[in-house]
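Working notes, structure below.
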Amino acid sequence: MTVQTWTYILVGITFALYIGIAIWSRAGSTKEFYVAGGGVSPLANGMATAADWMSAASFISMAGIISFAGYDGSVYLMGWTGGYVLLALLLAPYLRKFGKFTVPDFIGDRYYSNTARMVAVFCALLVSFTYVAGQMRGVGLVFSRFLEVDINTGVVIGMVIVLFYAVLGGMKGITYTQVAQYCVLIFAFMVPAIFISIQMTGNPIPQLGMGSTVNDGSGVYLLDKLDGLSTALGFNEYTNGSKSTIDVFAITMALMVGTAGLPHVIVRFFTVKRVKDARKSAGLALLLIAILYTAAPAVAVFARTNMINTVSNQEYADMPDWFTKWEKTKLIKFDDKNGDGKIQYVADEAINELTVDRDIMVLANPEIADLPAWVIALVAAGGLAAALSTAAGLLLVISASVSHDLIKKVIKPGISEKGELWAARGAATVAVIIAGYFGINPPGFVAAVVALAFGLAAASFFPAIVLGIFYKKMNKEGAITGMVVGISLMIFYMLKFKFGVFDGGKEAVAELTKDWWFGISPEGFGTIAMVVNFVVSIIVLQFTPSTPKKVQEIVEDIRIPSGAGAAVDH
Amino acid sequence: MSVGIGRESSNQKKDMSEKQRNASAYWRENVRYLFILLAIWFTVSYGAGVLFKDALDQIKVGGFKLGFWFAQQGSIYVFVLLIFIYVRLMNKLDKKYGYNE
C-alpha cells in the first residue's frame with residue numbers, strides 16, 4: 001500500500017475515534033463544560049495535560065529546530081519541561097484548592113477586583129489566540145503534504161473536527177479525546193525514532209542511541225561524528241552553541257515561567273478531585289512529556305547526520321524520492337550556483353546551494369531513513385493529534401474567558417446555567433472560526449508570536465499568581481499595576497526588536513540586535529518583564545491600602561490541602 | 001471551601017488558634033521543601049546545562065559531553081524526579097499535620 005492510502009486509513013481511524021469519544025462524553029452542565037465535572041483521575045489528567053501541552057510545535061518543529069541549532073536548541077528542551085516543576089510546586093495544588101473554573105477567576109477573586117479580572121481576561125485571550133492560530137496552520141501543513149489536499153481545505157477540515165468535539169463536549173469531551181490523542185502522538189513519535197536509532201547505532205532506545213557509537217564498525221561516537229561533519233562544512237560544532245550564555249539563560253527562564261503561566265495548562269489542574277491529585281498529575285504529565293522531549297534531541301542528531309550524509313557533495317540527479325517530493329512543496333530548495341550538478345551544503349551563504357525548512361525534519365525523517373509506508377503515515381496522524389489537542393484546549397480557555405469571566409461575572413451575572421452553557425458553546429464556535437481565519441490567512445508573524453506567547457504569559461500571569469499564593473499581603477493595586485506594566489513592557493520590546501515598528505519595519509530588526517537590553521533577545525525578554533512585574537507589584541503595595549482581612553484568610557485557606565471539594569462556583 | 005474562619009463562635013477561639021498554629025507550621029515546612037527542590041531545579045538546568053556547561057563538557061560520559069547531556073537530557077530526568085519527590089514529601093507532610101484526605 002502507498003503512503004497516501006496508509007495516511008487515509010490511519011487519519012480516518014483516529015478521527016473516528018475522537019468523534020466517538022466526543023459523543024460519548026458530551027457535557028451537560030457548565031461544570032462539566034469548564035472542568036469536566038472535577039472528577040478526572042490523575043493519570044487521565046496527566047495524559048490530557050501532556051497532549052494539551054505538546055502542540056504542533058513540539059511534535060513537528062522542535063526536533064527540526066534542534067537539528068539545525070544544536071546546543072542552542074536546549075533552551076526549548078529545558079524551558080518547556082522545567083516549567084512543570086514550577087507549576088507542580090508553586091501553582092497547581094493551590095489553584096486546585098481555590099477551586100474555580102478559570103485563571104481570571106482566581107485573579108479576580110484573589111485580588112477582589114473586576115479590573116484585575118478584566119486584565120487577566122485580556123492576557124488570557126491574547127496568549128491563547130496567538131497560540132491557536134499556529135496550531136491551525138500545523139493542521140493545514142500536515143493535510144497538504146500527506147493527503148495532497150489544498151492547505152486551506154486542510155485547515156477547514158481541522159476546524160470542523162475541533163468544533164465538533166470542543167463545542168459538544170467542552171472540557172469533558174476534550175479531556176478524553178486528549179487521552180486518546182496522547183497515545184496516538186507518542187506512538188507516532190517514538191516508532192520512527194526507535195527504528196532510526198537501531199539503524200544508526202544499533203541501540204533501540206533513542207535517548208541512549210544518541211550517545212552511542214555509529215553502527216558502521218568505526219567505533220566513532222555519533223555526536224563526535226556530527227561535530228566533525230558540522231565543522232567541516234563551516235557550521236558551529238553541534239554540541240556547542242552560538243548564542244550568548246546570558247541569552248540562553250534568559251530564553252530558558254522565559255519559556256519555563258511562561259509554561260507555568262499558560263492558562264490552558266493551568267486550567268487542566270482544576271479538573272482533578274483532590275489537591276494531592278493535582279500534584280501527582282503534574283508529575284505524571286511531565287513524565288509523559290519527557291518521553292517525547294528526551295527523544296527529540298536524539299531524533300535531531302539522527303536527522304542531521306542522515307541529511308548531511310545524504311546530500312552533501314552528492315549528485316543532484318541521484319537524490320532519492322523524498323527530496324524531489326519536498327522540493328515540490330518548496331520546503332527544500334536547491335540552486336546549483338557553481339553548476340557542477342552536485343549539492344554543496346555549507347555554512348557560507350555565498351556558496352551554499354541548499355536551503356532546508358527546519359519544520360520538515362520530523363515529517364521527512366522516516367522517508368530519509370527509508371522506513372515503511374505505514375510509519376510515514378503514522379507521523380502524519382501524530383502531527384494532527386498534537387495540533388488538534390492543543391487547539392481544543394486553547395479554544396476552551398477562550399470560550400470560558402468569554403462566557404464565564406466576561407458574561408457571567410461582569411456583563412450579566414443573573415444568567416442561567418443553561419444560558420451560560422450556550423454562551424460557552426457560542427464563544428467556542430466564534431473562536432474556532434477566528435482561529436481558522438488566521439490559519440488560512442496567517443498574518444506573517446504567527447510563528448514569531450507563538451514563541452512570544454510564553455514571554456507574554458511570563459510577564460503577566462506568573463507573578464500575579466505566585467504573589468497571590470505566597471504573599472498574603474499582596475493587594476489589588478500592586479498586582480494590577482504589575483501585570484499591566486509587565487505585559488506592556490513585553491509588548492513594547494516585541495514591537496521594537498522583533499517587528500522593528502519604531503525603526504522602519506522588519507528590515508531594521510537585524511540592525512537592532514546590538515541594542516538588545518543586556519544582550520537579551522525578544523524571546524528571552526519575558527524574564528526581564530517578569531522581574532519588573534514582581535518589583536513593581538511589591539513597590540506599589542508599600543503605598544496603597546493593605547489587603548482586606550477576609551482575602552488574607554482565603555489565602556491561608558488555599559495553603560491547606562484538605563477540604564478542596566469539587567470545583568464550585570460560589 | 002471553608003473560608004468561614006471569621007464566623008466561628010467565641011468558645012471555639014482557642015481551638016482556632018491551635019488550628020492556625022498547625023497551619024503555619026505546615027506552611028513553613030512546605031516552603032522549606034520548595035526552597036531545597038527549587039535549588040536542585042536551578043542547579044541542574046541553569047547551573048550544569050548553561051553556566052557551567054563548558055567546564056562540564058571536559059568530562060565525557062559515553063558519547064556525551066556532560067554539560068551538553070545535562071542541557072538536552074539530564075535536566076529533564078531530574079525535573080521528573082523532583083516532582084515525584086515533592087509528591088511523596090507532601091503526602092507525608094499532609095499526614096503529619098492531619099490534612100490527608
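In terms of the Cα gyration tensor, with a ≥ b ≥ c the square roots of its eigenvalues, is the range A:450-570 rounded because a/c is under 1.5, prolate because a/b exceeds b/c, or oblate? Prolate, because a/c is 1.5 or more and a/b exceeds b/c.
Residue order for B:101, A:556, fewest other beta carbons within 10 angstrom first, comes to B:101, A:556. Summarising the amide proton neighbourhood of residue A:212: residues at separation of 5 or more, or on other chains, whose placed amide H is nearer than 5 Å comprise A:222.
What is the count of Lys pairs in the range A:257-381 whose alpha carbons sit under 23 Å apart, if the two are 8 or more places apart or on different chains?
Details: A:325/A:333; A:325/A:337; A:325/A:342; A:328/A:337; A:328/A:342; A:330/A:342; A:333/A:342.
Close lysine pairs under the 23 Å cut-off: 7.
Fewest-first ordering of A:557, A:216, A:370 by other beta carbons within 10 Å of each residue's beta carbon gives A:216, A:370, A:557. Taking a ≥ b ≥ c as the square roots of the Cα gyration tensor eigenvalues, the range A:166-250 comes out oblate, since a/c reaches at least 1.5 and a/b does not exceed b/c.
Computed from backbone phi with θ = phi - 60° and the Karplus coefficients 6.51, -1.76 and 1.60, the 3J(HN,Hα) list for the range A:97-108 is 4, 4, x, 10, 9, 9, 5, x, 4, 5, 4, x Hz; x is used for glycine and proline. Computed 3J(HN,Hα) for the range A:542-547, one whole-Hz value per residue from the Karplus formula 6.51 cos²θ - 1.76 cosθ + 1.60 where θ = phi - 60°, is 5, 10, 10, x, 6, 5, glycine and proline marked x. Across q = 0.11, 0.20 Å⁻¹, the range A:1-84 modelled as identical point scatterers on its alpha-carbon atoms has Debye log10 I(q)/I(0) values of -0.54, -1.04, in the order of the q list. The Cα atoms of the range A:217-299 give a gyration tensor whose axes a ≥ b ≥ c have a/c of 1.5 or more with a/b no greater than b/c, which makes the shape oblate.
Once the gyration tensor of the Cα atoms in the protein assembly as shown is diagonalised, the equivalent ellipsoid follows with semi-axes of 43, 28, 24 Å, ordered largest first. Rounded to the nearest Hz, the phi-derived 3J(HN,Hα) couplings of the range A:40-56 under the Karplus curve 6.51 cos²θ - 1.76 cosθ + 1.60 (θ = phi - 60°) are 7, 6, x, 5, 4, 5, x, 5, 5, 4, 4, 5, 4, 6, 7, 9, 4, where x marks glycine and proline. Fewest-first ordering of A:520, A:487, A:198 by other beta carbons within 10 Å of each residue's beta carbon gives A:198, A:520, A:487.
Take each residue of peptide B:60-66, count the partner chain Cβ atoms within 10 Å of its Cβ, and average: the result is 6. Among the trypsin sites (Lys or Arg not before Pro) in the range A:290-375, those placed in a DSSP loop whose Cβ has at most 16 other Cβ atoms within 10 Å are A:330, A:337. Taking every residue in A:207-220 and counting other chain Cβ atoms within 10 Å of its Cβ, the average works out to 2.
No lab work stands behind these numbers, since they all come straight from the coordinates. This one's a predicted model, so the numbers in the text were calculated from it and none came from an experiment. Cβ coordinates were reconstructed from backbone atoms using ideal geometry, including for glycine residues, and neighbour counts include every protein chain displayed.
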